[in-house]
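The values are calculated or read from the model by the stated rules, or taken from the named source; none is laboratory data. None of the values given here were measured: they were computed from a predicted structure. As a convention, Cβ positions derive from the backbone with ideal geometry for all residues, glycine included, and neighbour counts pool all protein chains shown.
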């Protein structure tokens with residue numbers, strides 16, 4: 001019993017005081033207890049507790065710990081570690097951390113980790129290392145040489161995210177020869193859905209799906225059964241445009257060409273799914289009035305820089321709305337009951353605008369909103385807005401008459417007419433503004449998601465208040 005208590009005390013003490021610095025190429029027995037406990041925490045999935053513990057460690061000790069762990073555990077722990085501050089920043093600040101990274105044992109561990117990851121994930125990790133470490137890792141693994149070459153392309157471009165593994169054969173190749181090539185390259189590529197056909201100059205001239213290939217006669221050349229109507233993008237094409245084109249053509253993967261029309265890669269189904277998730281998250285942030293680069297672990301300074309401009313834009317809109325309300329001071333003094341309907345009007349205008357803009361942004365992002373379809377969609381939004389406004393106005397009129405039985409209201413019928421007409425008007429105007437602004441911004445080359453959030457809400461608040469007081473003046477106070 002005493003031995004167990006003593007052992008637990010040693011383990012607890014070691015965990016509390018962290019890792020004992022190990023000399024190069026020498027493992028210390030004193031670290032075994034900490035190492036065992038951390039292995040247990042990784043196996044149990046105690047991510048938050050382990051990350052909180054390692055944040056108090058010196059980065060050099062964290063690197064030594066990663067080297068001592070088994071590959072699967074090291075890979076999992078490395079993914080758990082927060083990216084801020086990144087490895088690159090820490091390495092630049094601490095020379096001894098850089099020297100530890102350059103040790104062969106450490107480089108070997110990271111070679112194994114990078115080689116087992118998807119190319120896109122490996123590239124993201126590689127970019128976090130200091131340049132000399134990244135070059136050493138890339139030089140030792142042929143796969144990483146291809147990955148590091150992607151750094152020459154712009155962020156969020158097709159060249160940056162494309163996979164360089166694909167099956168491309170001469171168009172004169174027969175079906176039997178193509179099937180043999182697929183079998184020979186199955187281990188390297190793993191999943192093959194599309195075969196690309198090339199001419200004598202290595203330019204892409206068509207493609208054929210594997211299913212159709214297997215059903216074709218073996219002696220038939222690819223040029224006879226391939227699809228000549230294909231969609232391809234350049235390496236500089238933005239990933240959002242790649243996704244839009246893929247959805248429009250219902251393509252599983254999108255070929256990427258160089259300036260001469262030669263096939264250099266493809267955007268895989270996995271990457272298309274990832275792009276969709278990233279763009280949806282970015283649009284959600286923009287629609288919420290937050291910078292698209294915002295992250296959960298941002299510092300206070302980055303949070304302020306990312307959100308303050310949007311808040312100030314909202315403040316400008318609210319100030320204009322307040323100015324409009326102030327210009328109708330006499331009407332408010334004449335009928336204070338009007339103040340009770342201002343929040344109703346502003347809320348309906350804001351909600352109607354956001355609903356219409358969200359549908360427009362989604363249609364533009366997915367490619368379902370075409371230029372020839374805009375007129376019909378706007379007309380449909382107009383009719384729907386009038387119907388929604390009419391239903392809401394009828395309910396508001398009923399509530400106004402009901403309130404007149406409980407509290408004294410002067411001319412309740414005129415008040416119900418004024419508020420109901422204003423509600424129909426602001427709902428219709430807000431919906432048209434919300435549906436139109438994203439389309440106009442898209443034509444100007446601006447992200448349509450920026451039209452939502454504070455901009456449409458603020459503009460509709462101003463219009464809503466203005467229309468409300470004009471209606472109240474004409475039908476209730478006139």
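Couple of notes before you dig in:
- In region 380-429, residue nearest to residue 351 (Cα to Cα) [restricted to those that are in contact with a helix residue (DSSP H, G or I) (Cβ under 8 Å, 6 or more places away or on another chain) and part of a loop (DSSP other than H, G, I, E, B)]: 409
- Unmet criterion (only one of (1) within 29 Å of the chain's Cα centre (by Cα); (2) more than 26 Å from residue 462 (Cβ to Cβ)) for residue 403: (1)
- Condition met for residue 473 (surrounded by fewer than 21 Cβ atoms within 10 Å (Cβ to Cβ), within 23 Å of residue 350 (Cβ to Cβ) and either modelled with pLDDT of 85 or more or not assigned by TED's automatic domain parsing to the domain that holds residue 362 (or both)): yes
- None of 353, 306, 367, 372 is at pLDDT below 80 and either in the same structural domain as residue 244 (by TED's automatic domain parsing) or buried (at least 17 other Cβ atoms within 10 Å of the Cβ) (or both) except 306.
- Entirely in region 158-260, the helices (runs of 4 or more DSSP H) that have 2 or more residues that are modelled with pLDDT under 80 and either surrounded by fewer than 19 Cβ atoms within 10 Å (Cβ to Cβ) or in contact with a helix residue (DSSP H, G or I) (Cβ under 6 Å, 6 or more places away or on another chain) (or both): 175-189, 239-249
- Residues located in region 205-242, provided they are in contact (Cβ under 8 Å) with a residue 40 or more places away in the chain and under 31 Å from the mean Cα position of the chain (by Cα): 207, 233, 234, 235, 236, 237, 238, 239, 240, 242
- Some residue of region 31-46 being closer than 23 Å to residue 81 by Cβ, surrounded by 11 or more Cβ atoms within 10 Å (Cβ to Cβ) and modelled with pLDDT under 75: no
- Sole exception among (1) within 23 Å of the chain's Cα centre (by Cα); (2) modelled with pLDDT of 75 or more; (3) assigned to a loop (DSSP other than H, G, I, E, B); (4) exposed (fewer than 13 other Cβ atoms within 10 Å of the Cβ) for residue 293, by number: (2)
- Tallying residues that are crowded, with 24+ Cβ neighbours inside 10 Å and modelled with pLDDT of 80 or more within region 436-459 yields 1.
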